[in-house]
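The values are calculated or read from the model by the stated rules, or taken from the named source; none is laboratory data. Keep in mind the model is a prediction, meaning the values are calculated, not measured. Every residue, glycine among them, receives a Cβ derived from its backbone with ideal geometry; neighbour counts consider all protein chains shown. The area values use the complete protein model at the heavy-atom level, side chains included, leaving out ligands, DNA and RNA. Shrake-Rupley method; radii C 1.70, N 1.55, O 1.52, S 1.80 Å.
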Amino acid sequence: VRAGAGTGKTHTMIQRAVRLVRLGVPPNCVLMVTFSVKAAEELCSRVGHAFAALGVPPRLLPVGKTFHALAFFWVRRYWRALELGAAPAPLTGDAGVRKFMQRVLEEQVAEKRLEWCVAALRKHLLRPGGADADGAPPSWEAVLAFA
């Protein structure tokens, strides 16, 4: 559902979930996804009230998450199949956020350093036409010595 604030998006999503359950879909097989944490919290709160009236126990309620929370859930669940080195940990507190940002910045710096090395290699080792001064491409020794 795509609409502005106060137009009934949450109400529409909940009514759709209720309809699906009445048609026989198990409530815990209904997934509702939103953008903001605030909207997800509101959605889950309203779902709890709507499904309590239907007699659905809390452990079987439909799932409401943000896109980011859903993606993190899948990565945490399937990290081995994705061949990640270790299970990802949630960012908690300032220390976790700082550690994550430091890792991102280090990766960015490493990527820029690689781009700089490639540009420098092109500039210093290759002459116009893609060959060295004597017309031959640079040797691997020259490339490795420069890097």
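Of all residue pairs spaced 6 or more apart or on separate chains, those with beta-carbon atoms under 6 Å, a first member in segment 46-65 that is on the phi < 0 side of the Ramachandran plot and free of Cβ contacts under 8 Å to residues at least 40 places away in the same chain and a second member that is open to solvent by 50 Å² or more (accessible area, probe 1.4 Å) and aliphatic (A, V, I, L, M) are 63/31.
Scanning segment 33-69 for residues that are farther than 20 Å from residue 20 by Cα and part of a loop (DSSP other than H, G, I, E, B) yields 35, 36. So, residue 12, is that one more than 29 Å from residue 104 (Cα to Cα) and β-branched (Val, Ile, Thr) or not? So residue 12 fits the description; yes. Of the residues contained in segment 76-87, none is found to be part of a helix (DSSP H, G or I) and either β-branched (Val, Ile, Thr) or more than 30 Å from residue 100 (Cβ to Cβ) (or both). When residue 54 is tested against (1) closer than 24 Å to residue 2 by Cα; (2) open to solvent by 30 Å² or more (accessible area, probe 1.4 Å); (3) not basic (Lys, Arg), only condition (1) is not met.
Of 35, 51, all but one fail to be out of contact with any Pro (no Cβ under 8 Å at 6 or more places or on another chain) and aromatic (Phe, Trp, Tyr); the exception is 35. Of the residues screened, residue 68 is one that is under 24 Å from residue 6 (Cβ atoms), open to solvent by 100 Å² or more (accessible area, probe 1.4 Å) and within 20 Å of the chain's Cα centre (by Cα).
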